[in-house]
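For reference, the structure discussed in these notes is given below.
Every number here is computed from the coordinates shown, using simple stated rules; none is lab data. Bear in mind the structure is a predicted one, so any value in this text is a computation, not a measurement. Cβ coordinates were reconstructed from backbone atoms using ideal geometry, including for glycine residues, and neighbour counts include every protein chain displayed.
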Amino acid sequence: MPLLEMRDASFTRDGTTIVHPLSLHLERSERLALPFSSTREAATVALLAAGIVKATHGRVFISEFDPRIQPVQAKRLVGYVPYDAVAHEFATFEDYVTYRSALWAMDSGSAVDLARALLARLDGVHEAFARPLIGALVGHPALLVLDRPLALYAPQVARVTSGLAIFSTHASGEQARAFEDAYARAATPA
Amino acid sequence: MNRAAMLEIVVTRLRKDRRLLLLACAAAAIVGFLQPHAIATGGDPFARDLLTRNVWIAGPIFFGTWLGVVVALAQRGTGRLREIELCEQAAPLYGRELARATALVPCIIVTLASLLYWFVQFVTGLAAPPAFFVLSLATVLASTLVALSATLRRGAARFLYVASAFGVATISYLLAVYGDTLGPHPPRNAGHYYDFVGVVSVLVFCTFIAFAALRQYGEALARYDPVPDA
């Protein structure tokens, strides 16, 4: 069973089609970097893949779960990393991790330890990207969904995501290729 | 949802809303202090009773509702709590669980503001009796919960939920002030209406509205799609 499957999934709001019908398949430990024609479509597909937004037509499955019917089970399998530079709504990094661990019903002590270890391995990554990436990873997801990640950070992302299925959306084919190439280079042992 | 998650959501949101909490309490204290305190004297005792109820109830209900609507609308979709909202949306929580936790925050803020309003009135010499304060508080909580659904809507639907919140306040006010005129009429020498019909009808009405509004908010939150604007 694929970890992420979309069957003609599309999203429409107020008569405007934001996501055109899309079908895809992603198995465990696989990677898929998909380009889209607009940033809005790329962002919305990432939200669909993370089970946060529900398709208006077609189906999305995360493992065997349909986020429309089993949102909790589906979201447990996914770590979602948004594109936007985040506002610093938490006083400290530890506060942020503690908050996330409570929402994911995890032990906050071990989550903070894991987060610190991940932070040490993300040297050189801007906090605005590192923080949500670590937040997503402390939930021990099987699938990581990245909304328009920068190719610049692909090597560091590869360092902390080995073995995970990764689905990333991009605003152009060039950006998708750049991210995928940089990730593949970093993931391949020299 | 475990208790730790609920507590974390409430504490985190309250920490972010501390300025809003202070502003709401300050506004409640000022309005409670400035509200006209004149109680009618002379004339028909039953008409006077209705005027007294009006003085007790009108200010706390309508000001509290206005405050509740403002606090409720600040809870979602303003961009102020974007990181928190994204975490909550991505978390493995059901819409109803998230609704309960997030609804607690505006309820705590308006409860504190209402208590302060009543306390300032008490200090300045004319606070509503506790039973009437409870009616004001119940109304404010119910209308705040109704207004919460407006945060998930846009355009006319958003306006409709805000208008419904004030509609709840108006019905509750009418029941609290005039509800007892529909019940058994007390003897002339009693000098005031019985409180039973007004108190019970407002509490039943607000409980029903609050329950339905919270349920509706949970359903809407479960279906909510936080798609970025163009």
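Tabulated data for the structure shown
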{"quantity": "Counting DSSP beta bridges with both ends in the range A:4-187, the antiparallel % (nearest 5)", "calculated": "50"}
{"quantity": "Taking the convex hull of Cα positions in the protein assembly as shown, its mean projected area over all directions (nm²)", "calculated": "23.1"}
{"quantity": "For the range B:63-134, diffusion coefficient by Stokes-Einstein and Kirkwood Rh (Cα), 4 °C, 1.567 mPa s, µm²/s", "calculated": "91"}
{"quantity": "For q = 0.15, 0.18 Å⁻¹, Debye-computed log10 I/I(0) when each Cα of the range A:4-98 counts as one equal scatterer", "calculated": "-0.65, -0.87"}
{"quantity": "Shielding by partners - mean other protein chain Cβ count within 10 Å, residues of B:150-157", "calculated": "0"}
{"quantity": "Cα-only radius of gyration and Dmax that characterise the range A:72-123, units Å", "calculated": "11.9, 32"}
{"quantity": "Nearest-ten-degree value, helix B:196-223 long axis tilted from longest Cα axis of chain B", "calculated": "10"}
{"quantity": "Helical contribution to [θ] at 222 nm, DSSP H n ≥ 4, -39,500 (n - 2.57), averaged over the protein assembly as shown, rounded to 500", "calculated": "-19500 deg cm²/dmol"}
{"quantity": "10 Å Cβ neighbours from other chains, averaged over peptide A:102-108", "calculated": "6"}
{"quantity": "Rounded tilt (10° steps) of B:95-123 against the dominant C-alpha axis of chain B", "calculated": "40"}
{"quantity": "Bins of 5 Å, starting at 0 and running to the largest distance - Cα pair percent for the range B:52-176", "calculated": "2, 11, 20, 20, 17, 12, 8, 6, 3, 1, 0"}
{"quantity": "Long-range Cα-Cα pairs in the range A:120-190 (distance over 20 Å), rounded percent", "calculated": "23"}
{"quantity": "Acute angle (nearest 10 degrees) that the helix B:3-16 long axis makes with the longest principal axis of chain B, alpha-carbon atoms", "calculated": "80"}
{"quantity": "A:M6, A:M1, B:M6 arranged by Cβ crowding within 10 Å, fewest neighbours leading", "calculated": "A:M1, B:M6, A:M6"}
{"quantity": "Largest to smallest principal axis extent of the C-alpha atoms in the range A:4-187, angstrom", "calculated": "44, 35, 30"}
{"quantity": "Cβ-defined net charge surrounding A:S108, 12 Å radius [Lys, Arg +1; Asp, Glu -1]", "calculated": "-4"}
{"quantity": "Neighbour-count order for B:Y161, A:Y80, A:Y153, B:Y178, fewest beta carbons within 10 angstrom listed first", "calculated": "B:Y178, A:Y153, B:Y161, A:Y80"}
{"quantity": "DSSP bridge pairs, the protein assembly as shown: antiparallel proportion in percent, nearest 5", "calculated": "50"}
{"quantity": "For residues of B:79-87, the mean tally of beta carbons on other chains within 10 Å", "calculated": "6"}
{"quantity": "Euclidean distance between Cα centres, the range A:94-132 to the range B:75-145, Å", "calculated": "31"}
{"quantity": "Once the Cα gyration tensor of chain B is diagonalised, semi-axes √(5λ) in Å", "calculated": "36, 18, 14"}
{"quantity": "Ascending count of other beta-carbon atoms within 10 Å, so fewest first, for A:V72, B:V123", "calculated": "B:V123, A:V72"}
